[in-house]
Amino acid sequence: MRRRDVVLAGVFAPFLSTGGWSLVDAAPKKDPGANFTNLVVRQLARELAHKAFQEPDTKLPSELKDLTYDQYRSIRFLPDHVWWRGARLPFQIQFFHRGFYYRTRVDIFEVDQGQARPIPYSPDMFSFGKVNPPAADSNLGFAGFRLHYPINRPDYYDEVAVFLGASYFRAVGKRQGYGLSARGLAINTADPKGEEFPLFKSFWIERPQTNANSIVVHALLDSKSTTGAYRFTIRPGPATVFDVESVLYPRVDIPNVGIAPATSMFLFDANDRVGVDDYRPAVHDSDGLAIHNGRDEHLWRPLANPTDLQISSFADTDPRGFGLMQRQRDFHSYEDLESHYEKRPSLWTEPIGDWGEGEVRLIEIPSKEEIHDNIVAFWLPKTALTAGGEHNFTYRLHWAMARPQPLPLAQFLHTRVGAGSNGSRLFVLELLGDKLKDASPENVRGVVSAGNGQISHVITQPNSETGGWRMSFELSPQQERLVELRAQLFQNDDALSEVWLYRWTA
């Protein structure tokens, strides 16, 4: 399953007019601008939901059809056409050309003083390298855009966020490199009938004030199953934060819907090196799923690259936070001078308001190459989103090196798995955290349980090399093909650590 290929294959369809707006041909009816408020995109989405979904229009002129990767890479946005260049604003915008996997037309508007005006496409905005440019009067629109902001030094506009392909977007904080992606919505992920990829078909970007440290982006989402209105308030910084307000208007009942989905890559680590022939100790954008559930439990589930597709569900009510995290921050954990996985951001989702009953769902897809995103995590409501309804989800995304609030308990940093005695599997877990500093060895115990199989030789000991603790145990699967494991470190009856969860598969 080539997820990154699917990610890039966005879709587009023209649609209705309402309140003076018509996004057919990507232009507002009013001239020079159309009135714009926070309710405009909601109204567009609401009315669009009452119309049949139109299949995407991905038509491109002949010179842009069937581009190779190298050809598409040779198309570059020209610095002289940077939006807001020379305006002395804290943000700037650059645009992506359509072609290769990015065939979908995306219409982009600037909102200034309550008026929205289309940002016009022109071939003059790009150099075309190995590709013949389209006609000068072409009105192709864009594939997406990226936001720039001086995040690392005051005299340079760094790229801090990208919206490109279906409903995908990515961001970085200070001194981070791009890694995992977020999405507006996931539908039928890992369903045998096939996944549905909603798309952001239009964006409205509010012109920031000269002293602003945030920018607001509105997006209209569309798919066969639903429409949606999104409002992103983006604040770049040491951790780049997105405040997301989403309203969904389903055309049909949607039982398998992923809210606040994150998509990442995990190829291998010390817990999962079967068949690996690679000089690097680990290759991944994320190494685990962290959950702070509604019962105030802190869970850690290391990721794996399974032989067969795996789906894990963590039932909850009103979750406090969850995210795909990259905990290993040492270069020597990866030894990769090109990819620098130690700089990839974690993505922590903080629900705002009560989300009710549901589950955090983790999907792990087999992969043989690091170019493919094979990890997906999202919130799945217990009750299907109903057709004709209005469903609100508000949350905050933290693109950061760690979760926004320090974990009050020790955390599991490494999970290593190897051969044990008599055909068993040996697990060695490394823990770090201030909670361990005053722990008395004679009172510390590790508690390990398994859904099946047999656990033996549970050992806990201080690790003087790391300043933390080590917990180890052996698992005898006893002909089982799948074993669910749970471990936690205690001092007497008080928890010293978060809860470690793991799914071992043969």
**Message:** If packing is taken as the average number of other Cβ atoms within 10 Å across a peptide's residues, how do 273-283, 211-221 rank, most packed first?
**Reply:** 211-221, 273-283
**Asked** Roughly speaking, what is the stretch gain from Asp318 to Lys368, that is 0.36 nm per residue apart minus the C-alpha to C-alpha distance, in nm to one decimal?
**Response** 14.4 nm
**Message:** Need the list of lysines near Lys130 for cross-linking: C-alpha distance under 17 angstrom, and skip anything on the same chain fewer than eight residues off.
**Reply:** Lys65
**Request:** Please give the length that would be gained between Gln478 and Arg153 if that part of the chain were fully extended, namely 0.36 nm times their separation in residues minus their C-alpha to C-alpha distance (nm, one decimal).
**Result:** 111.3 nm
**Request:** First measure r as the distance between the Cβ atoms of Arg73 and Asn139, then evaluate 1/(1 + (r/R0)^6) with R0 = 30 Å and state the FRET efficiency to the nearest 0.05.
**Result:** 0.80
**Prolate/oblate/rounded call for the range 106-249, Cα gyration tensor, a/c under 1.5 rounded** = rounded
**Where a label projected 7 Å from the Cα of Glu442 along Cα→Cβ would reach, residues of the range 467-506 with amide N under 17 Å** = 491-493
**Request:** Sort 174-180, 197-203 for me by packing, meaning the mean count of neighbouring Cβ atoms within 10 Å per residue, highest on top.
**Result:** 197-203, 174-180
**Complete:** Treating every alpha carbon of the range 60-155 as one equal point scatterer without solvent, the Debye formula yields log10 I(q)/I(0) values at q = 0.12, 0.18, 0.19 Å⁻¹ of -0.42, -0.88, -0.95
**Message:** Helix-only mean residue ellipticity at 222 nm, the chain, DSSP H runs n ≥ 4 weighted -39,500 (n - 2.57), per residue, nearest 500. What is it?
**Reply:** -1000 deg cm²/dmol
**Request:** Hey, for a label at Gln405 modelled as a point 7 Å past Cα toward Cβ, could you say which residues of the range 296-335 have their backbone N under 20 Å away?
**Result:** 296-301, 316-326
**Request:** Find the centroid of the Cα atoms in the range 136-182 and in the range 382-458, then give the distance between the two in whole Å.
**Result:** 32
**Message:** As an exercise, use a Förster radius of 41 Å and the Cβ-Cβ distance of Asp57 and Ala506 to find the FRET efficiency, rounded to the nearest 0.05.
**Reply:** 0.30
**Fill in**
The FRET efficiency for Asp330 and Leu309, from their Cβ-Cβ distance with R0 = 35 Å and rounded to 0.05, is 0.70
**Asked** Given the C-alpha centroids of the range 472-506 and the range 60-93, what is the distance between them in whole angstrom?
**Response** 50
**Fill in**
Full extension between Glu390 and Ala87 adds, at 0.36 nm per residue less the Cα distance, a length in nm of 105.2 nm
**Message:** Straight-line reach only, C-alpha to C-alpha below 20 angstrom: list the lysines that Lys343 could link to, leaving out same-chain residues fewer than 8 apart.
**Reply:** Lys174
**Prompt:** Among all the aspartates and glutamates, which ones have a C-alpha under 20 Å from Lys193's C-alpha, if same-chain residues fewer than 8 places away are not counted?
**Reply:** Asp5, Glu55, Asp222, Asp253, Asp308, Glu364, Asp373
**Asked** Hey, which of these cross-link pairs are over 20 Å Cα-Cα: Lys51/Lys382; Lys224/Lys368; Lys51/Lys201?
**Response** Lys51/Lys382; Lys224/Lys368
**Estimated inter-spin distance, Leu337 and Lys382, nm [label 7 Å along Cα→Cβ]** = 5.5
**Request:** With Cα Rg over 2.2 N^0.38 Å in mind, check [x] 1.08; [y] 0.99; [z] 1.03 and report the label derived from this structure.
**Result:** [z]
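No lab work stands behind these numbers, since they all come straight from the coordinates. The shown structure was predicted, so the numbers you read here are calculated from the model rather than taken from an experiment. Every residue, glycine among them, receives a Cβ derived from its backbone with ideal geometry; neighbour counts consider all protein chains shown.
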